[in-house]
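The values are calculated or read from the model by the stated rules, or taken from the named source; none is laboratory data. The model shown is predicted, which means the values in this text are computed figures rather than measured ones. Don't worry about glycine lacking a Cβ; one is built from the backbone with ideal geometry, like all the others, and counts go over all protein chains shown. These area figures cover heavy atoms from the full protein model, side chains too; ligands, DNA and RNA do not enter into them. Shrake-Rupley method; radii C 1.70, N 1.55, O 1.52, S 1.80 Å.
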Amino acid sequence: MLLAEPPQSPYDLHFSLLGIPVRVHPLFWAVALLFGLSGNQKPVDMLLWVGTVFVSILVHEMGHALAARSYGWPPRITLHSFGGLASYHPTFHNTRSQILITAAGPGAGFLFAGLIIASIALAGHRVIFGWQFGLLPLRYEGFESDQLNMLIADLLYVNIFWGLINLLPVYPLDGGQISRELLALVSPADSVRQSLWLSVIAAAAVAVLAFTRLNDKYIAIFFAYLAYTSYSTLQAFGSGSGRFR
Ligand SMILES: [Zn+2]
């Protein structure tokens, strides 16, 4: 949830994708690895997981970056310890462009997941859709290779589940930015305060739900923290500082 770019390091990886410069900070790999640790994986499974996180976050940031470039704003991408960042300098601000660029991140992930599902079907394997809260929203006839099945499961989990989580109206997730833009259409003067309140309530609700129903303490702690930071921002905002407007 780092919103500023980390400083340059000699271990940064630099490359360019579709003409967009990408920088990967070394801590990105370490944190991706930590997220995948559950104690009993083989090294190859860990490698697949880190590859999944790398490709998926890159796809997400490419969504933001390509949308920004469509407005003529040259973007650049940084992958850092807690995710990614697509930076650009907008020459104007309107609700439509802001929502489009923000939604393009999760949108790119959903599109990527759709391509994976289409590839499974094209390979002649049956895909069964369904919904079970907190679990992968679909099942498919597995492949011979356990590694391939694990790779597909990881990719779908990150691109669909993280994408949906990211759309919740909570700061500083993409959904929090979108809710602020939408609330500004209704009440321009009060939208920041309203979206912060929405963020506190939504994040607290997700934390309670994750703890009691999903039994996922990582998501519970993460959202409890986001509820707290939104509340602190709200306090700072309410005490006369108008700088968030
Ligand atoms: Zn995003």
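Table for the structure above
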| quantity | calculated |
| --- | --- |
| Nonlocal amide H pairs with L167, under 5 Å, H built at 1.01 Å | G175 |
| Rounded if a/c under 1.5, otherwise prolate or oblate - segment 1-110, Cα gyration tensor axes | prolate |
| Packing rank of 200-210, 166-176, 86-96, where each peptide gets the mean count of other beta carbons within 10 Å, highest leading | 166-176, 200-210, 86-96 |
| Dipole moment magnitude, nearest 20 debye, segment 7-116 about Cα centre, only Lys, Arg, Asp, Glu C-beta charged | 180 |
| Backbone N under 16 Å from the Y231 label point (7 Å along Cα→Cβ), restricted to segment 185-220 | 196-209, 220 |
| Of L164, S232, A207, farthest towards positive along the dipole that unit charges on Lys, Arg, Asp, Glu beta carbons give segment 116-241 | S232 |
| Space enclosed by the convex hull of the alpha-carbon atoms of the chain, per residue, Å³ | 151 |
| Using alpha-carbon coordinates, inclination of helix 95-122 to the longest axis of the chain, degrees | 10 |
| Inter-label distance, nm, simple model (7 Å from Cα along the C-beta direction), Q147/A189 | 6.3 |
| Folded to 0 to 90 degrees: helix 174-186 orientation relative to the chain principal axis, Cα | 40 |
| Test item: Cα-centred dipole of segment 60-179, Lys/Arg +1 and Asp/Glu -1 on Cβ, debye | 400 |
| Degrees, to the nearest 10: 191-209 long Cα axis against longest axis of the chain | 40 |
| For S81, residues with placed amide H under 5 Å, excluding near neighbours | F28 |
| Length-normalised contact order for segment 8-122 - Cα pairs under 8 Å, 6+ apart - percent | 26 |
| L34 versus Y11: modelled label distance in nm, points set 7 Å from Cα along the beta carbon direction | 1.3 |
| The chain - accessible surface per residue (Å², probe 1.4 Å) | 56 |
| Percent carbon-and-sulfur accessible area, segment 1-134, ignoring ligands, DNA and RNA, probe 1.4 Å | 69 |
| Relative contact order for the chain, counting Cα pairs under 8 Å that sit 6 or more residues apart, in percent | 14 |
